[in-house]
């Protein structure tokens, strides 16, 4: 095969495996395809790329009673982040075992071992986030910022304010990110998060409870429990609670 033809073939092959850029919109859980697994089911809510990440997926896993999901260590693999939607689940992170319930999170740096066992009496649900940076992953940066870790919902400090309140989880460097910032907002009925604004960082809003309306650019889209909002860099946005109960959602930013 001539070199130009070989190069074109390789380029086409790479394009087949590259993830398409994510659109700024609400990704609806109930419209996500569901597939059966050995441990339950999985629903891929979004999958694509952005300005910082060449790969980003968010999947809702259902883990049946007594079943365990194992993740093999991969030093050159993706970074992982988990949010417990419904528990309890017993998480083994390297040599540490902890039982976590709704709202708890787990950050797993590449190369570390993690497993999740449903130790409850009903199905458990866990959001699984895989991501990989476009820039070369920096394992030294990740390890210097701290190890992989788990955070129990009950240990997250709630700071009330006039609109509801906030739990600031962490703001740190990782193997994939120069900065990874996550907080959980409680927004009371009738309030909006803030006036429509933009920022350079891309952002994910993951709805746990309540009914919201997202302004995304000039459009307004509904976001309900389980839905995920992906916002690109400098996209105008805000969130309004249009339901009859408080909204509870994760706000995730990175650069």
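Of note:
- Selected residue [out of contact with any helix residue (DSSP H, G or I) (no Cβ under 7 Å at 6 or more places or on another chain), at pLDDT 95 or above and closer than 22 Å to residue 181 by Cβ] from 103, 50: 50
- Scan of region 173-208 for residues that are part of a strand (DSSP E or B) and surrounded by fewer than 16 Cβ atoms within 10 Å (Cβ to Cβ), ordered by number: 197
- Filtering region 129-149 to residues that are surrounded by 20 or more Cβ atoms within 10 Å (Cβ to Cβ) and closer than 15 Å to residue 93 by Cβ leaves 142, 148.
- Enumeration of residues in region 82-107 that are closer than 21 Å to residue 38 by Cβ and more than 12 Å from the chain's Cα centre (by Cα): 86, 87, 88, 89, 90, 91, 92
- Just so you know, in region 1-44 the residues that are modelled with pLDDT of 95 or more and in a helix (DSSP H, G or I) include one that is surrounded by the most Cβ atoms within 10 Å (Cβ to Cβ), and it is 29.
- One residue alone among 114, 89 is more than 25 Å from residue 179 (Cα to Cα) and free of Cβ contacts under 8 Å to residues at least 60 places away in the same chain, and that residue is 89.
- Positions within region 147-163 being closer than 11 Å to residue 109 by Cα and touching a strand residue (DSSP E or B) at 6+ places or on another chain (Cβ under 6 Å), in sequence order: 148, 149
- Residues of region 211-232 that turn out to be over 18 Å from residue 21 (Cα atoms) and either modelled with pLDDT under 95 or surrounded by fewer than 22 Cβ atoms within 10 Å (Cβ to Cβ) (or both), as a count: 11
The values are calculated or read from the model by the stated rules, or taken from the named source; none is laboratory data. Quick caveat, the model's predicted, so the values are computed rather than measured. Note that we place each Cβ from the backbone using ideal geometry, even for glycine, and neighbour counts take in every protein chain shown.
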